[in-house]
Structure formats: C-alpha cells, structure tokens
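The values are calculated or read from the model by the stated rules, or taken from the named source; none is laboratory data. Note that the coordinates shown come from a computational prediction; the quantities given were computed from them, not determined experimentally. We place every Cβ from the backbone using ideal geometry, glycine too, and count neighbours over all the protein chains shown. For the accessible areas, the whole protein counts, side chains as well, though only heavy atoms, and no ligand, DNA or RNA atoms are used. Shrake-Rupley method; radii C 1.70, N 1.55, O 1.52, S 1.80 Å.
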4 protein chains.
Amino acid sequence: MPPKIIAVIGAGTANEPILKIAEEVGRLIARRNALLICGGLKGVMEAAAKGAKTEGGLTIGILPQKNKNEANRYIDIPIATGFGEGRNVIIARTADALISVGGEYGTLSEIAFALKMGKPVIGIRTWDIKGIIKAENAEEAVQKAFEFLS
Amino acid sequence: MPPKIIAVIGAGTANEPILKIAEEVGRLIARRNALLICGGLKGVMEAAAKGAKTEGGLTIGILPQKNKNEANRYIDIPIATGFGEGRNVIIARTADALISVGGEYGTLSEIAFALKMGKPVIGIRTWDIKGIIKAENAEEAVQKAFEFLS
Amino acid sequence: MPPKIIAVIGAGTANEPILKIAEEVGRLIARRNALLICGGLKGVMEAAAKGAKTEGGLTIGILPQKNKNEANRYIDIPIATGFGEGRNVIIARTADALISVGGEYGTLSEIAFALKMGKPVIGIRTWDIKGIIKAENAEEAVQKAFEFLS
Amino acid sequence: MPPKIIAVIGAGTANEPILKIAEEVGRLIARRNALLICGGLKGVMEAAAKGAKTEGGLTIGILPQKNKNEANRYIDIPIATGFGEGRNVIIARTADALISVGGEYGTLSEIAFALKMGKPVIGIRTWDIKGIIKAENAEEAVQKAFEFLS
C-alpha cells in the first residue's frame, strides 16, 4: 500500500505562533510515516517541511516557479511546475487530506479545491468555510486528518 | 484600447432566481460592450452567456474539458483546456473584474484567485469572504464592476 | 454551428519570408470566416494575427504570461494563462486544425500535442515530423486545413 | 546538495526490447543515487520505475489524471495533476536531464519542452531531433546524462 500524503497549506509569510504550529504539524505527520506535500516556498510551507525533516520524514514541494531551486531547503522532492497559482490544484489533488494553518487567499483556493474534490480539510486558525473540520492545535489536527484516512 | 473582459462565476447548477440574476448580469455586461468570460458550462455560466447573447455580446468559455464541444450553446469562443479545475486560474487571470452569482466550492476557488491577484470581485448572494464587494442585484453589480475599470 | 478555429503556430522571432507567409496565412483564414488562435506573442504569432485583422477577422491569443497586456496589438481576445509553456496544450486542444510556419522547439511541442490529439497539422518550412501535411505556401496550407474541416 | 532528478520518457505501450532498455536505464539511475521522474503510467514509464525499484531507488510519477491511484505500482510518489498532457511540461521542468527511450508524440512534446528549456536530452531509438544526444544503449545514455550534471 502506498504511503499516505498529507498537505500542509498556509501563507508564505506568517507570524511566530502560526509557524510553530505548522512545524509541529510537520513533525507529527512524519512521525506517522506519511509524506508531507506543500507549496514548497517560505512561511507555513517551510515550517511544516522543517518539522517533517526533524523526524526524518519525506517532503514534497509543488512549486509555482519554473525553477526547482526556488524550493525551501527542507524540501526533498521539488516539483517545478511553472504553472503559477495553477499549482494549487495539484496539491489538493495529490493529498489524501489537507491541514490548513492560518492562510491567505492562496490557501483559500486550495481549501476550495480540496472541498470540491471531497477531500478532508482540517483547519487551525484558518478560513471559516463550511466543510472545514476545525482543530485547536497541531496534535488534534493531525489526529483528525489520519482518522479520515483509515 | 482592447475591450474590457468581465467574468461571471457561479455554479454549474443553480435555482431559478440565481439563474435570472446571472442572465441579467450577462445582458448588462454586453450592453456596456464588454466581453463576457465564464467557465463555459451549465447553470450560472450558461445563463450569463445567454444574457450576453440576447444583447449581441461576445462570450468566451474556458472549459475544464479537452473537447470544446462541451461548451454551452451561448459560447462564441470555447477554449478547451483539458486542465480540469486548473482552468479556474485562467478565468481569474483574464478577467478585468469578476461578478460572482451564488456559487459553490469551484466558485470559491475563483474568488480566492482573483482576490489574490488584486482583481475586483463583486458578489451577489455568494460566499462571504473579506475583499468581496457586495451587490444586491445585477444592475448594482455591473455598475460596481465597471467603476473599477474606468 | 460554431465557427472553426485555426491555429497558426511558429516562433516568436522569425525572418521576413516566414513572417510574410504567416501574415498571408492569417489573411486567408479570416477571409474564410474562421477564427485565428495563436500564442499571442511576437514573430509568427503577431504576423498571423495582423493578417487576420486586415481582413476583419477575430484573433485569440493564448498567453504564457499572467498579464494579458503582454499580447501583441493584433490580438482581440487575450487569454492570460500564467501557465508558461503549458499554454501550448491549450492552443492544440482548441484548434480544429493547425498551420505551422517555420518554428522552433516551442512550435515542435505544439505539433506533437496536436498530432497526439489527432488534429490535422499543415506545415510550411517547418519541422519534418511524420503526420504533418506539407504545403508550399500560404494558400495551399489554408486550402488543405479547410479540407479537413468540411 | 539536493539529489539529481532524471526523467525517463517514452510511450505508454512499447515492445519488449524498448521495455528492457527502459528498465535498465531505471536501474542505472537508481544505482547512481538519482531520483527517477516519469509520467507514472505503463510502458516505458513503468519499466523504468520497476528498474529503479530493483535498485532501491525513489520514483516519482507525474500523472495526467486527477486520481493518483492511476500510477503504476512502481511509483513511490504519485503526483496527480489533472492537467492531462499539460503534465508533460512539469516533467521537463523538474528533470535535470531526460533520457528518451523510443516514444510517440507525447514523448516528442517532452523532448521539445526540455530542449527549449536548455536541458540535456539523451535519446535511445527515439525521435531524430536536433539537439538530442544519441546513445546506443542504457549504459551509454545514463553515462552521458550524468556527464551533464557534474
């Protein structure tokens, strides 16, 4: 059976509490032996990937740019799309579940795609959209995400 | 100066009041000599295109499918992308302003992209997202959209 | 019945003889009341669109960029994709037939997509790929393209 | 330094000699500790991924479909794009070098994109396009690909 892939979505710039949550989410995903997928850039994406790497996880970054060197340093597998925001669809399609930590409009587009596709979306301090499963912290979010995968 | 392009976004199935608003929005866009762009399918997209055609407007449909014959009958220029939901980005990019009439998750993704790109989004009975300019009816929506273009 | 859409594909920079052929191809497409679709940029794309406009045709440009202002001045309907070279697929998908005039690697990708999709590809001084129908000049190319559409 | 990513491109159905070469190419890529990227489907893509797995390599499949379950069984990391043939651009963008084994029109589009991007393309029994570096067998192809990466 192929490993589960969990997306962590959020903004490219975020404050310290949000980044700490994202990093913890990344750690917990790796500890459960799932792959982490994200947008590959800074902010929440980088924090989550960093967290996963501290636990020896594998991280995938789906980049908007044409050049894979734009990925943050915690990305093991940078996928250079050159599709700009169009890459957001790919993150939603590839993930088995998504965890949204904070987030701006780009994150909202990923939430919308994932809900349209019927994927579970767990939200921590994120957009208030019907269909999102709320969580208070990293542990609860990852716990809920994995409940949907079993 | 090239003509302005206004997007009408909304769900592929909608109730009668929503469809009537969409058709009226399409009519008013054409009357102001702007091009109408939409997702090219049924529901709000078809109603808006139908409205534009009754006023002799030109309609563009950006289709998720690979085959342009999937466009509704009121589309003059069907663009077959084969990109699935990824085509939503193209609608937001190409429009000078967007008018959202009702709408489900797909529409939400278009709203998110447009707001991220800094485009004006006018909403009638649609998602309640910060940054959307609310309108009560078709006339007010089109009026507000064009205020942003001048 | 919707109008036929003919793509003219070729490089963004080209020599004078190639540009003259592209312009003539554009003229002949418009004279037969078909829409012209192209990549929206300079060189062969601009020459073909210019030709179509001299005959009152309608021109569509599928742009790699995020901003539709990057289209050449002869494009009536600029579609801003932001998908970079990924937009080449859209041109092949949307066209009923393609006419390749000269061309570099980008053009080759469009030829490949079109042939894979089973679309007729007419070539003037272009890549030598099995499946391309050769033509000596603009008139012959447009003649052959329309034979496939009837 | 991030690991190198080598693409193996080729048709979804191929004869036994071509499949054997593809499998050997996959094996040699993994033996040199590079990642293998491919289109994730059958034929040459599956044979190359199978070869890489026999050597403990890591395999990435960039799928045209919306569902990652469409990947062949040797793909470790299936990326579901939903972009149809548009995914070919992503393979070319993400690879440091490409090895083409046989191949039909889809493969030709990948060759064209890669050459346009200035990436090295090694070809075994494939399209005869200027810019391709020819190789007689798997070993020579992989050897030449890695020469470009150092």
| message | For region B:76-91, which positions are at the interface with another protein chain (Cβ under 8 Å from one of its Cβ atoms), surrounded by 24 or more Cβ atoms within 10 Å (Cβ to Cβ) and touching a strand residue (DSSP E or B) at 6+ places or on another chain (Cβ under 7 Å)? | response | B:Ile77, B:Ile79, B:Ala80, B:Thr81, B:Ile90
| When the residues of region A:29-52 are filtered to those that are of a type outside the set (A, V, I, L, M, F, W, C) and within 24 Å of D:Arg93 (Cβ to Cβ), which remaining residue is surrounded by the fewest Cβ atoms within 10 Å (Cβ to Cβ)? | A:Lys42
| query | With respect to B:Ala145, is the statement that it is more than 14 Å from chain A (Cβ to nearest Cβ) and either among the basic types (Lys, Arg) or more than 12 Å from the chain's Cα centre (by Cα) (or both) true? | reply | no
| How about region A:92-115: which of its residues are in contact (Cβ under 8 Å) with a residue 60 or more places away in the chain and open to solvent by 30 Å² or more (accessible area, probe 1.4 Å)? | A:Asp96, A:Glu104
| message | Could you tell me how many of the residues in region A:75-95 are out of contact with any Gly (no Cβ under 9 Å at 6 or more places or on another chain) and in a loop (DSSP other than H, G, I, E, B)? | response | 1
| task | Considering (1) more than 19 Å from C:Ile60 (Cα to Cα); (2) within 13 Å of another protein chain (Cβ to nearest Cβ); (3) of a type in the set (Lys, Arg), say which one B:Lys66 fails and leave the rest. | result | (1)
| request: Filter region C:6-28 for residues that are out of contact with any helix residue (DSSP H, G or I) (no Cβ under 6 Å at 6 or more places or on another chain) and not in a loop (DSSP other than H, G, I, E, B) and give the result. | output: C:Glu16, C:Pro17, C:Ile18, C:Lys20
| Across region C:134-150, what is the number of residues that are among the small types (Gly, Ala, Ser) and open to solvent by 40 Å² or more (accessible area, probe 1.4 Å)? | 1
| Considering region C:93-109 alone, what residues qualify as being at the interface with another protein chain (Cβ under 8 Å from one of its Cβ atoms) and not β-branched (Val, Ile, Thr)? | C:Arg93, C:Glu104, C:Tyr105, C:Gly106, C:Leu108, C:Ser109
| remark: Of C:Glu16, C:Glu24, the only residue that is exposed (fewer than 15 other Cβ atoms within 10 Å of the Cβ) and closer than 23 Å to C:Asp128 by Cα is C:Glu16
| remark: Scanning region D:96-150 residue by residue, those assigned to a loop (DSSP other than H, G, I, E, B) and within 16 Å of C:Tyr105 (Cβ to Cβ) turn out to be D:Gly103, D:Met117, D:Gly118, D:Lys119, D:Pro120, D:Thr126, D:Trp127, D:Asp128, D:Ile129, D:Lys130, D:Gly131, D:Ile132
| Subset of region D:59-74 that is in a loop (DSSP other than H, G, I, E, B) and over 18 Å from D:Ile90 (Cα atoms) - its residue that is farthest from the chain's Cα centre (by Cα) | D:Arg73
| query | Can you tell me which of A:Gly123, A:Gly118, A:Gly131 is more than 8 Å from chain B (Cβ to nearest Cβ), in contact with a strand residue (DSSP E or B) (Cβ under 9 Å, 6 or more places away or on another chain) and either closer than 23 Å to B:Gly103 by Cβ or crowded, with 24+ Cβ neighbours inside 10 Å (or both)? | reply | A:Gly123
